[in-house]
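Notes to accompany the following structure.
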Amino acid sequence: MPHFLLENRPFDIDAPGSPVSEGELTVLEALIGYKLPSQLRSFYLHWNGGLPYPTDIPEDKSVWIRLLWSKGAEAARVGPATSFEGLFRINANPSVDFLRTWNDYKDSLPQDVLCFASDPGSSLFLIGIKDYNLGKIFFWESSYQANIGEGETPNYDNIAFVANSFTEFLLALREEPDKGESLEDWLKRVYAE
């Protein structure tokens, strides 16, 4: 299994994609119409997707991340954390392909983000692509998305803030809550301030 070190913390990567070249990444960026933020771009050049997770997470545990919902957000009902399944791959099979997923969801997302990863359901992790949110990581809850067919415009009502950068996102990944542990107790334990 591939490994890397991030701020002195060891990480493993489960199921990365086949290596991509600078040229392939440039083609992807031309097709989606945006250049990937630098940290995410670098990750793709090295690993091409997969599930990066801190080495200290046992193999029989899933990888989770905290979600910060805006006050009063209806989508906050999903809870203050979610499981992270992994990054989409470039030039991969359709179920995990970056470009195919982007084309499937781009009309349902605000125009200032790209989807790059998912949870085990149909919800997505997003990265900011505009000057004011460049590189910031968000979580898009699919069950509360805007109804495009009825003229609703995608907005941030179903989007939680996750991290200020891709590096901060990776460093914030933790093992799933213990059996019987509430999400609130888990948050206090693993994200102690």
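The values are calculated or read from the model by the stated rules, or taken from the named source; none is laboratory data. Worth saying up front: this structure is predicted, and the values here are computed from it rather than measured. Neighbour counts run over all protein chains shown; Cβ positions are idealised from the backbone, glycine included.
Within the range 144-168, take every residue that is polar (S, T, N, Q), surrounded by fewer than 22 Cβ atoms within 10 Å (Cβ to Cβ) and at pLDDT 95 or above and give me the one that is nearest to Phe43 (Cα to Cα). Top of the filtered list is Thr167. Scanning the range 29-84 for residues that are more than 27 Å from Arg100 (Cβ to Cβ) and part of a helix (DSSP H, G or I), which turns out nearest to the chain's Cα centre (by Cα)? Looking at residues that are more than 27 Å from Arg100 (Cβ to Cβ) and part of a helix (DSSP H, G or I), I get Ala76.
Whether any residue in the range 80-93 is crowded, with 18+ Cβ neighbours inside 10 Å, over 22 Å from Ser18 (Cβ atoms) and among the charged types (D, E, K, R) is what I want to check. Checked the range 80-93: no residue is crowded, with 18+ Cβ neighbours inside 10 Å, over 22 Å from Ser18 (Cβ atoms) and among the charged types (D, E, K, R). In this entry, Asp185 is excluded by the filter for residues that are outside any helix (DSSP H, G or I), farther than 24 Å from Leu87 by Cα and not polar (S, T, N, Q).
Counting only residues that are free of Cβ contacts under 8 Å to residues at least 40 places away in the same chain and not polar (S, T, N, Q), which one in the range 94-104 is surrounded by the most Cβ atoms within 10 Å (Cβ to Cβ)? Walk me through it before giving the result.
Step one: of the range 94-104, the residues free of Cβ contacts under 8 Å to residues at least 40 places away in the same chain are 94-95, 97, 100-101, 103-104.
Still in the list and also not polar (S, T, N, Q): 94, 97, 100, 104.
Details: Pro94: 9, Asp97: 18, Arg100: 14, Asp104: 13.
Out of the qualifying residues, it is Asp97.
Looking at Asp107, Asp131 in this structure, which one is free of Cβ contacts under 8 Å to residues at least 60 places away in the same chain, in a loop (DSSP other than H, G, I, E, B) and of a type in the set (D, E, K, R)?
Asp131
Note on the range 1-15: among residues that are in a strand (DSSP E or B) and of a type in the set (D, E, K, R), the one that is nearest to Gly50 (Cα to Cα) is Asp14.
Pairing residues of the range 67-90 that are more than 20 Å from Trp47 (Cβ to Cβ) with residues that are assigned to a strand (DSSP E or B) and small (Gly, Ala, Ser), at Cβ distances under 7 Å and at least 6 apart in sequence or on separate chains, gives Leu67/Ala81; Leu67/Ala160; Leu68/Ala160; Trp69/Ala160. Look through the range 26-59, keep the residues that are in contact with a Phe, Trp or Tyr (Cβ under 6 Å, 6 or more places away or on another chain) and farther than 18 Å from Ser83 by Cα, and return whichever of them is surrounded by the most Cβ atoms within 10 Å (Cβ to Cβ). Looking at residues that are in contact with a Phe, Trp or Tyr (Cβ under 6 Å, 6 or more places away or on another chain) and farther than 18 Å from Ser83 by Cα, I get Leu40.
For the range 137-145, the criterion of being assigned to a helix (DSSP H, G or I) and under 15 Å from the mean Cα position of the chain (by Cα) is satisfied by at least one residue.
Take Pro177 and tell me if it is surrounded by 11 or more Cβ atoms within 10 Å (Cβ to Cβ), under 17 Å from Val113 (Cα atoms) and either in contact with a helix residue (DSSP H, G or I) (Cβ under 8 Å, 6 or more places away or on another chain) or touching a residue at least 40 places away in the same chain (Cβ under 8 Å) (or both). I'd like the intermediate steps shown before the answer.
Details: surrounded by 11 or more Cβ atoms within 10 Å (Cβ to Cβ): yes; under 17 Å from Val113 (Cα atoms): no; either in contact with a helix residue (DSSP H, G or I) (Cβ under 8 Å, 6 or more places away or on another chain) or touching a residue at least 40 places away in the same chain (Cβ under 8 Å) (or both): yes.
No.
Quick check on Glu24: is it assigned to a helix (DSSP H, G or I), charged (D, E, K, R), without any contact (Cβ under 8 Å) to a residue 60 or more places away in the chain and within 23 Å of Val113 (Cα to Cα)? The answer is no for Glu24. Among the residues making up the range 60-75, those that are under 15 Å from Ser165 (Cα atoms) and either of a type in the set (A, V, I, L, M, F, W, C) or surrounded by fewer than 20 Cβ atoms within 10 Å (Cβ to Cβ) (or both) are Ile65, Leu67, Leu68.
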